[in-house]
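Read through the structure below, which is laid out as structure tokens, and then see the notes.
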Amino acid sequence: MKKIAVLGSTGSIGTQTLDVVRNHSDFLKIEVLAANNNDELLEQQINEFKPAMAILHNKEAYEKLKARYVGETKLYYGEEGLIEGATTDKIDTVVTSLMGFAGLRPTMRAIEAGKNIALANKETLVVAGDLVMKKAREKQIEIMPIDSEHGALFQCLHGEDMNKVDKLLVTASGGPFRGKKIEDLKNVSVKQCLSHPTWKMGRKITIDSASLMNKGLEVIEAKQLYNVDYDKIQVVVHPQSIIHSMVQYVDGSVIAQLGSTDMRLPIQYALTYPERMVCPAEKLDFWQMKDLTFEKPDTDTFRGLALAYEAGKIGGSMPCVMNAANEIAVEAFLNEQISFLDIYDIIEEAMQSHITLVEPELEDLFEIDSNIRKQVKEKIYKC
Ligand SMILES: NC(=O)C1=CN([C@@H]2O[C@H](COP(=O)(O)OP(=O)(O)OC[C@H]3O[C@@H](n4cnc5c(N)ncnc54)[C@H](OP(=O)(O)O)[C@@H]3O)[C@@H](O)[C@H]2O)C=CC1
Ligand SMILES: CC(=O)[C@@H](O)[C@H](O)COP(=O)(O)O
Ligand SMILES: [Mn+2]
């Protein structure tokens, strides 16, 4: 029985992870659940899965739940609570389905405590991939990717010689504005940005998909997971999102992983590997399938991808700067404080004004993240 903590259990990946556990309760047991604010959904989840521990990051939400809860699950709050949940002896695997930089410290502490990681929180690898991967090697723990592209790459690379890889081909849907030009993007609304053509996901990642920043984060995530040079990671726009990624080898052979657009598939694979188990995700029917098409990404219009390649190649503290600026800009866009195209300018300006720290320690990254957030907020809110 695999005993797991789900950090971010009330979100898109978190709730789908719980669905996977429901379908395989003979193999997976939830021992820790954690969320930020959503005390009501967390309480329902506690009542269903009866974990040993549950955490709400937000203290007020915790106090509301604590005041009415009568069951046996121990309740915690704050970052200390999250770390308690991520490192407890009651679990062996942590699903990192939190959104953003908030995932970094609990993930790092879980690795230090020897826990295996099923990683959805790509921002952790973007910000501190060198440190995280080094610690994972030291502790000999597994980082299994949940992100659909990286789960696909894992399967395409399986049993192969990494020296024979010519290219990792990371597919991208192109988002809701595929084919549009800068002029068309000036006044796009939050609602338009949130209508992703193929996936149903949380709000932040959906905006990242529209700006191609998600694909940029995924390029850095791929570099960290598979240690392949940036010039060997190519993004291919594939609007149908049927091929989740591919690997081209030196002999010209290409191995691809295909599946329906249902995150339960990669989540389940990450949790049950090396077993393949039955999954309720819809199966592909090749007799019904229409075209599978491919395009080169337009990085002049969708600058997020180009900015991420730049930050990734510079390395050190630069991806942390890019990520912090992006998180604040996306939040401001969602709150209708800035326009969609402002997101790119904000990230670019933060990167340009930063002097890269070549080998940052974890605490350096916390300080840089905090400074960039402050700097970007001052600029946006002019306070
Ligand atoms: N959604 C998807 O299909 C995919 C997502 N990912 C990645 O997975 C991660 C999660 O994305 P997604 O599920 O879409 O996001 P959501 O916004 O849907 O969910 C985020 C979850 O994290 C919780 N959370 C946020 N901040 C904290 C915190 N400080 N402490 C504890 N819990 C916190 C939220 O709790 P609350 O509900 O209380 O706010 C919620 O449970 C992201 O890194 C994303 O890039 C990767 C591939 C696909
Ligand atoms: C489901 C998943 O893994 C997302 O990261 C997805 O890739 C987003 O779609 P885009 O290809 O539009 O960024
Ligand atoms: Mn993805």
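Things to note:
- Across the chain, C-alpha contacts under 8 Å between residues 6 or more apart give a mean separation that, scaled by the residue count, equals a relative contact order of 14 percent.
- In this structure, the residue pairs whose Cα-Cα separation is over 26 Å, taken from LYS180/LYS374; LYS204/LYS296; LYS29/LYS115; LYS134/LYS164; LYS115/LYS215; LYS180/LYS215, are LYS180/LYS374; LYS115/LYS215.
- Packing rank of 264-271, 306-313, where each peptide gets the mean count of other beta carbons within 10 Å, highest leading: 264-271, 306-313
- Placing unit charges on the Cβ atoms of the charged side chains and taking the dipole of the chain about its Cα centre, the candidate lying farthest along the positive direction among ALA329, MET213, GLN240 is GLN240.
- Cα centre as origin, Lys/Arg/Asp/Glu Cβ charges: the range 2-146 dipole, Debye: 260 debye
- Summing Cβ point charges (Lys, Arg +1; Asp, Glu -1) relative to the Cα centre of the range 275-329 gives a dipole of roughly 120 debye.
- Mean Cβ count within 10 Å, highest first, over the residues of peptides 180-193, 208-221, 21-34: 208-221, 21-34, 180-193
- Anisotropy class of the range 2-146 from Cα gyration tensor, a/c 1.5 cut: prolate
- Charged-residue dipole, Cβ positions (Lys, Arg, Asp, Glu), the chain about Cα centre, Debye nearest 20: 620 debye
- Hits among aspartates and glutamates - C-alpha to C-alpha of LYS2 under 17 Å, sequence gap 8 or more where chains match: ASP19, ASP26, GLU31, ASP89, ASP92, GLU142, GLU275
- Dipole of the range 52-195, positive direction: furthest Cα of GLY81, VAL190, GLY179, with charges on the beta-carbon: VAL190
- When the square roots of the Cα gyration tensor eigenvalues are ordered a ≥ b ≥ c, the ratio a/c for the chain is under 1.5, which makes its shape rounded.
None of the figures in this text is laboratory data; all of them are computed from the coordinates on show. This is a predicted model, so every value here is computed, not measured. For neighbour counting, all protein chains shown are included, and Cβ atoms are generated from backbone atoms with ideal geometry for every residue, glycine included.
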